[in-house]
1. I need a count of the residues in region 850-903 that are in a helix (DSSP H, G or I) and acidic (Asp, Glu).
2. Quick one: in region 39-53, which of the residues that are polar (S, T, N, Q) and under 30 Å from the mean Cα position of the chain (by Cα) is surrounded by the fewest Cβ atoms within 10 Å (Cβ to Cβ)?
3. Within region 587-637, which residues are in contact (Cβ under 8 Å) with a residue 24 or more places away in the chain and among the acidic types (Asp, Glu)?
4. Does Ala1128 count as part of a helix (DSSP H, G or I), among the aliphatic types (A, V, I, L, M) and buried (at least 17 other Cβ atoms within 10 Å of the Cβ)?
5. Residues being acidic (Asp, Glu), loosely packed, with under 15 Cβ neighbours inside 10 Å and in a helix (DSSP H, G or I): count how many of those fall in region 274-313.
6. Kindly check whether there is at least one residue in region 768-778 that is touching a residue at least 12 places away in the same chain (Cβ under 8 Å), hydrophobic (A, V, I, L, M, F, W, C) and over 27 Å from Leu842 (Cα atoms).
7. Check Gly65 against each of (1) within 18 Å of Ala173 (Cα to Cα); (2) surrounded by fewer than 21 Cβ atoms within 10 Å (Cβ to Cβ) and name the one condition it does not meet.
8. Which of the following residues is free of Cβ contacts under 8 Å to residues at least 24 places away in the same chain and in a helix (DSSP H, G or I): Gly138, Gly196, Gly203, Gly130?
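The values are calculated or read from the model by the stated rules, or taken from the named source; none is laboratory data. Quick caveat, the model's predicted, so the values are computed rather than measured. Positions of Cβ are backbone-derived with ideal geometry, glycine not excepted, and every protein chain shown enters the neighbour counts.
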Amino acid sequence: MLMSSTVRIQILNSCQALGIELRYLHLAEEEEDVLTALLQDAIDLRAQGQADRSLALLDAAVEFGVRSGLVDDNRAWALVGLGRRSEAIGLWNELLVHQEEGLRTQAQDNLRLLAAELSNQLKQLAEAAGESLVEFEGREFSALSELEQPLVEASIRLRSGGNNELSLQLLDAAVEFGVRSGLVDDNRAWSLVGLGRRSEAIGLWNELLVHQEEGLRTQAQDNLRLQTAALVGLGRRSEAIGLWNELLVHQEEGLRTQAQDNLRLLAAELSNQLKQLAEAAGESLVEFEGREFSALSELEQPLVEASIRLRSGGNNELSLQLLDAAVEFGVRSGLVDDNRAWSLVGLGRRSEAIGLWNELLVHQEEGLRTQAQDNLRLQTAALVGLGRRSEAIGLWNELLVHQEEGLRTQAQDNLRLLAAELSNQLKQLAEAAGESLVEFEGREFSALSELEQPLVEASIRLRSGGNNELSLQLLDAAVEFGVRSGLVDDNRAWSLVGLGRRSEAIGLWNELLVHQEEGLRTQAQDNLRLQTAALVGLGRRSEAIGLWNELLVHQEEGLRTQAQDNLRLLAAELSNQLKQLAEAAGESLVEFEGREFSALSELEQPLVEASIRLRSGGNNELSLQLLDAAVEFGVRSGLVDDNRAWSLVGLGRRSEAIGLWNELLVHQEEGLRTQAQDNLRLQTAALVGLGRRSEAIGLWNELLVHQEEGLRTQAQDNLRLLAAELSNQLKQLAEAAGESLVEFEGREFSALSELEQPLVEASIRLRSGGNNELSLQLLDAAVEFGVRSGLVDDNRAWSLVGLGRRSEAIGLWNELLVHQEEGLRTQAQDNLRLQTAALVGLGRRSEAIGLWNELLVHQEEGLRTQAQDNLRLLAAELSNQLKQLAEAAGESLVEFEGREFSALSELEQPLVEASIRLRSGGNNELSLQLLDAAVEFGVRSGLVDDNRAWSLVGLGRRSEAIGLWNELLVHQEEGLRTQAQDNLRLQTAALVGLGRRSEAIGLWNELLVHQEEGLRTQAQDNLRLLAAELSNQLKQLAEAAGESLVEFEGREFSALSELEQPLVEASIRLRSGGNNELSLQLLDAAVEFGVRSGLVDDNRAWSLVGLGRLPEAVGLWRELEASSDNDALVEMVQERLRNYATEADRISQTNKAQLLNDEGLYQQAKILLVRAMLDDPSWDGYTTKLIEVLKTERGYEDDADLLQRELEEDQFSLEVFDLYLDYVERRLKEIDVSSSS
């Protein structure tokens, strides 16, 4: 339907009044655009997480007569977003009879999705609880109402098995989806009873008393009778009384009568109970004699009279017992509580009495309120007189906000007097210690809280002067007056530290860890870290251990006991954690069986034994996990670290192992030091052998300053050998490039550092001659040996520039901006200015922008200012470029008119607005051009990418758009994430419709593990449809080849993975019949749909073998060997490779050589064949092919006589042998040089 401009204005005004900001509606002008804009705004608001505003917008439209199926559909989605599913379901149910088929279908799909969503949610709840819903198996639900019956059946079955919790979870989940009926509520109630939550169950049955179905009403009445009887039997009488009181006014006479009888019985029961309490105390209740009570309320008056009489006689205890017993039966009033309070005072329990009178201050009867006020004045005066000042202060503070002005005024006066008293007391304490409180001079305090700030200032001043004792005295005195806060306690703690009483300080900071102010919590954490580190110097758990160890000798028995318990619990926790780690890895810790540990230290020996056993069995990973877990608990020793190191070696993590042994070189135990030295020698040799030279160099450099002379000498010798090896390697690199290093001639190097100067000189000479590649090779080779400095990196950067690799060079100069040598820093700055200018000149603007953005926060002001100026110029340049693009397309950017931009970020908003306007007018190409141009300048955000994606869709480039939205699924803004989800659903459907299936499959497979459940479910449904499509396609391929797939007959597939087994069976059958081509077609078609596994690839390989394409088959098997973690499959593939790999390699190598020969690349062909001969010397096919290459290279023609041909063949054979020997000799020399170094 169309919308008039008048209605549009009314809606806009309504939205403005509601505070709803619209993006599209105010821009729409044509009638046919207005409804679209309205829906776009509604969708946009939902995407931003504002479902309430989206609904308000649509409801406003409906109020003004704008109602359509699309409007109602969007209202429904907004309701779902607000958790109001039942209303959304109502709208979709109405749309089921809409005149437009598309809307009817959409409504059906939405309801079906809701039913499927609920079904899946219920199954997941069951699975999480280790159950399955057999009632749901094999069923699909097209409406929510269809789930009620199987749900109730499942609920009954679970309750029968004792699983009331899951039963209730399922029913509550269904209710959230709007599946609610009398039957559902009855079963919820029974589940609640099973969980001991009778009052909630009673509430549900109470609602069912007015249900329209008579059977449910009757059942609810019976259940209520049963449950109230149970409540009384369980001693929960007050709940039963509450229910009976409600039933006194129920419309069912039977329920009213029953409730009256029950309450009469209760009154009699309470009367008897009170008499028995009196008799047990040697008293009698004369007030009750000769009386019968028909209601509990009738007992109040005689009970109060009895209470007053007993108190007058000094029996406060019995008085309180009687009153409390009556309260348990629901006999409670202001009069009862007033008498309870007086009984408590008589028992010396004033604070409880005050609590009751405090409640009575707001009683509805004025007389009780006045009496409570008087009583409170009397009791607070008594508290002060008894020295219980803090309780009185607490009461007065509560009265400061009381509604009675008299009480407020009295409380203020009392607190003012207390503030003056505390001020005087603090001054006297200071005078007694020979100090004065300058912070208090000339001040009067009207409230205790006003003393906190000057008190804290005085405390800090005294501590600064070393008087921690007085500082603590003042703070403690204030605390006794109720002046206590996080700030006061923090200062008390620091005073305690100054007095050497760390454990008490730690106790205070421990309490502050749960303070309501984040700053104090953080400060307490820092202080605790500092203090515990000072005590034990351990990690986080060890900090706690250190604290508890200190508290083991604390004077407070409670603290000592708590510390012992904590350490025992830690030992048990670590033991359990280690066992769980072992179980998770399929192992058990026999060393721990039957043992309990009372201290962490007791775990070390069995832990080390378990570690050694596991390593011996090859399980280094679990060995390390156990040891690391123990270290986190503070169980760390030389023995533990030595075993951790060996576990790391077993996992190939030598450098970490070396780090641990390096620490053990200074261990206090000589045996561990010696063992560490031996291990280090062994591992550094292994590192060099593995080509991980830089790690070995790092270790040797550390050992050059070690206290052990033997280790220092060994390190020097090793580094001297490395210097010689690097020198030789650099010379060989130069020779291979036809150069020589004159700077190295006649020199021997005793340390790697000695190579730097001649290396840099050689690099500069080579660059001057244009050989940047060799210059960089030499420098990079040196860096691998640890020869790296600012000078080396500067020359590497210039070599990179010479090779056109500016961005890498800039990265090196960027690092040099913070070099310790000023000259290198200045040089790097100059080089960066030069190179960024060059980047802009070469059109590589984004790289220059990235560098300038980094320099905006540089410590050098000149670089920051230059970067700002450059970026400002860029903003102006981009603005002009965008305008020119628009003009070239016959458009103008009205959004940019009259504006100047001082930063690139300022262009984003007008750019996006222009993009939306252009797309609305159909100019997607210009819209994309503008956005892409901005991205090249670094103007990129979620909003920019969303608009680029829509422009790409408008140009038919969906896959690129999907790529952008896929990135936005993890954007930090929820609105953009939600919008991206909606857009992806829409576009994947479009991809399938356009036949671009593989792209859609890739996206759906990614979405199967997405965090959003809706996206996962949608992806599963789509892949199910694809499984059916693939099945049909495979059958059609077979039919086209005159075959049929008997393995597929009568089967339906709900997932692509289910097709694998019948597909492989069909492939094997076809190959057995000689039809390798169809076998491969079927398998390749399945792979295009993402059906790929080791079994599929193995069968593809066999089909390729059958088609004579052996190298391709072997290629597949090798991929399987490298990628599969299935031992059985790998073993099978290895068997295949033993049989076929050699032949495939021979075919592959000879084919490659033939291709090189055909292209005239004879030298490369010869090298390839000689290497192949060395790898496979038993096969003479390479020799034959090499002779063919030599003949082709020489232009050989076979026109000589027989003798001449034989001589020439012999000559070619000798040349082949010479080529082979030359290659072998070179290899041997390389090996000899490597082994000698």
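1. The qualifying residues number 6.
2. Filtering region 39-53 down to residues polar (S, T, N, Q) leaves 40, 48, 50.
Imposing the further condition that a residue be under 30 Å from the mean Cα position of the chain (by Cα) reduces the set to 48, 50.
Details: Gln48: 17, Gln50: 19.
Ranking the candidates gives Gln48 first.
3. Scanning region 587-637 gives Glu587, Glu596, Glu602, Glu604, Glu621, Glu632.
4. Working: part of a helix (DSSP H, G or I): yes; among the aliphatic types (A, V, I, L, M): yes; buried (at least 17 other Cβ atoms within 10 Å of the Cβ): no.
Against the criterion (part of a helix (DSSP H, G or I), among the aliphatic types (A, V, I, L, M) and buried (at least 17 other Cβ atoms within 10 Å of the Cβ)), Ala1128 does not qualify.
5. Of region 274-313, the ones acidic (Asp, Glu) are 279, 283, 287, 289, 292, 298, 300, 305.
Right, trim to loosely packed, with under 15 Cβ neighbours inside 10 Å and you get 279, 289, 292.
Keeping just the survivors that are in a helix (DSSP H, G or I) gives 279.
Of the residues in region 274-313, 1 are acidic (Asp, Glu), loosely packed, with under 15 Cβ neighbours inside 10 Å and in a helix (DSSP H, G or I).
6. Yes: one or more hits.
7. (1) is the only condition that Gly65 fails.
8. Details: Gly138 fails: in a helix (DSSP H, G or I); Gly196 fails: in a helix (DSSP H, G or I); Gly130 fails: in a helix (DSSP H, G or I).
Of Gly138, Gly196, Gly203, Gly130, the one residue that is free of Cβ contacts under 8 Å to residues at least 24 places away in the same chain and in a helix (DSSP H, G or I) is Gly203.
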